[in-house]
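Have a look at the structure below, then the notes.
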Amino acid sequence: MTYCVGMVLDKGLVMMSDTRTNSGVDNISVFRKMHSWSVPGERMIALMTAGNLATTQAVISQLEERSKAPHERRPSVLEAPTMFQVATIVGNLLHDVVERRQDGQLSAQGPRFTASIIIAGQIKGMEPRLFMIYPEGNFIEASFDTPFFQIGETKYGRPIILRGYDRSMSFEDAVKLLMVSFDSTVAANLSVGLPFDLLVMERDNFEPLHQRRILNSDPYFKAISSGWGEALRQAFHSLPAYSFDDPAALPSPIE
């Protein structure tokens, strides 16, 4: 399992992914889930993957081959005229890889090779856009009502983002929010873990504004983890105490 988040802000796009891959508790590895391509001054595209590792690696490998020779190996995300077409290319490729692997199974009752992808980016003269692609190759786009996407182990970190997200927030606050979301997920699920990969894409800046890998020893993430835990404990103890007496005698809620 994994955990990846893509977020749309007024200022641009923020993406964060973990790197843990496991095939049981005794077979845990680290693999990059985030990949990006750029043409300086013209486009910036990044994606994150979750699901069957062999499937997602096959998709990434083909996208890499096409990006190195876009005029010879088409269609390439570096030549697509819009981000919608980029999402279509990736969706079709994911669908084809899944179907080929599924058709190769000896038994139709075998496991389904599934994977999902978040893709984000901007092409010059157009808006930054964010898409989530399903194993079937179809996809949806982020909107004002749904400004972020998650794939993988989503349930533990989602409440944090729902309560803290603001489209007008700064990149720094968005990164802090994602750090808290990932810390909550790591604390609750062993299938998600550090290192994390972080990418910030500023509107109309067609190269990464900020990009780094967050290791277990990262002092900022350690401060976020301990600070968030302490803040939760303080918030819990500040709530009205429960009483076994008549509920009518309990303090009135603060308005």
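The values are calculated or read from the model by the stated rules, or taken from the named source; none is laboratory data. As the structure is a prediction and not an experimental result, all values here were calculated from the model. Every residue, glycine as well, gets a Cβ built from its backbone with ideal geometry; the counts of neighbours run over all protein chains shown.
Do we have any residue at all in segment 171-187 that's closer than 18 Å to ILE45 by Cβ and of a type in the set (Val, Ile, Thr)? Scanning segment 171-187, I find no residue that is closer than 18 Å to ILE45 by Cβ and of a type in the set (Val, Ile, Thr), so the answer is no.
Restricting attention to segment 140-160, which residues are outside any loop (DSSP other than H, G, I, E, B) and over 13 Å from LEU9 (Cα atoms)? Quick ask: steps written out before the conclusion?
Initial filter on segment 140-160 (outside any loop (DSSP other than H, G, I, E, B)): 140-141, 148-152, 158-160.
Within segment 140-160, ILE140, GLU141, GLN150, ILE151, GLY152, ARG158, PRO159, ILE160 meet the criteria.
The number of residues in segment 186-212 that are in contact with a helix residue (DSSP H, G or I) (Cβ under 9 Å, 6 or more places away or on another chain) and within 20 Å of VAL30 (Cβ to Cβ) comes to 7.
Out of SER191, SER181, I need the residue that is in a helix (DSSP H, G or I) and either surrounded by fewer than 14 Cβ atoms within 10 Å (Cβ to Cβ) or in contact (Cβ under 8 Å) with a residue 40 or more places away in the chain (or both). Which one?
Details: SER191 fails: in a helix (DSSP H, G or I).
SER181 is the lone residue from the list that is in a helix (DSSP H, G or I) and either surrounded by fewer than 14 Cβ atoms within 10 Å (Cβ to Cβ) or in contact (Cβ under 8 Å) with a residue 40 or more places away in the chain (or both).
Evaluating GLU42 against the criteria (1) at pLDDT below 95; (2) surrounded by fewer than 16 Cβ atoms within 10 Å (Cβ to Cβ) leaves one unmet condition, (1).
Can we say LEU209 is touching a residue at least 60 places away in the same chain (Cβ under 8 Å) and under 29 Å from PHE113 (Cα atoms)?
Values: touching a residue at least 60 places away in the same chain (Cβ under 8 Å): yes; under 29 Å from PHE113 (Cα atoms): no.
Against the criterion (touching a residue at least 60 places away in the same chain (Cβ under 8 Å) and under 29 Å from PHE113 (Cα atoms)), LEU209 does not qualify.
The residue of segment 147-178 that is surrounded by the most Cβ atoms within 10 Å (Cβ to Cβ), among those that are in contact with a strand residue (DSSP E or B) (Cβ under 8 Å, 6 or more places away or on another chain) and of a type in the set (S, T, N, Q), is GLN150. Going through (1) surrounded by 13 or more Cβ atoms within 10 Å (Cβ to Cβ); (2) of a type in the set (Asp, Glu); (3) in contact with a helix residue (DSSP H, G or I) (Cβ under 9 Å, 6 or more places away or on another chain) one by one, GLU72 falls short only on (1). Looking at SER143, SER116, just one residue is at negative phi and touching a Gly at 6+ places or on another chain (Cβ under 7 Å), and that residue is SER116. Being free of Cβ contacts under 8 Å to residues at least 24 places away in the same chain and either in a loop (DSSP other than H, G, I, E, B) or surrounded by 18 or more Cβ atoms within 10 Å (Cβ to Cβ) (or both) is a description that does not apply to ASP204. Test ILE119 against the stated conditions and say whether it is more than 20 Å from VAL39 (Cα to Cα) and either in a helix (DSSP H, G or I) or among the aliphatic types (A, V, I, L, M) (or both). Taking the combined requirement at face value, the residue does not satisfy it.
Tally up the residues in segment 15-57 that are in a strand (DSSP E or B) and not small (Gly, Ala, Ser), please. Walk me through how you get there before you give the answer.
Applying the first criterion (in a strand (DSSP E or B)) to segment 15-57 yields 15-18, 20-22, 28-30, 34-39, 43-51.
Then drop every residue that is not not small (Gly, Ala, Ser), which leaves 15-16, 18, 20-22, 28, 30, 34-35, 37, 39, 43-45, 47-49.
The number of residues fulfilling the criteria is 18.
Output the residue which, of all residues in segment 123-135 that are at pLDDT 95 or above and not in a strand (DSSP E or B), is nearest to VAL39 (Cα to Cα). Here the residue is LYS124.
Return yes when SER29 is in contact with a strand residue (DSSP E or B) (Cβ under 8 Å, 6 or more places away or on another chain), surrounded by fewer than 20 Cβ atoms within 10 Å (Cβ to Cβ), hydroxyl-bearing (Ser, Thr, Tyr) and at pLDDT below 95 and no when it is not. Step through it out loud before you land on a result.
Numbers: in contact with a strand residue (DSSP E or B) (Cβ under 8 Å, 6 or more places away or on another chain): yes; surrounded by fewer than 20 Cβ atoms within 10 Å (Cβ to Cβ): yes; hydroxyl-bearing (Ser, Thr, Tyr): yes; at pLDDT below 95: yes.
It is true that SER29 is in contact with a strand residue (DSSP E or B) (Cβ under 8 Å, 6 or more places away or on another chain), surrounded by fewer than 20 Cβ atoms within 10 Å (Cβ to Cβ), hydroxyl-bearing (Ser, Thr, Tyr) and at pLDDT below 95.
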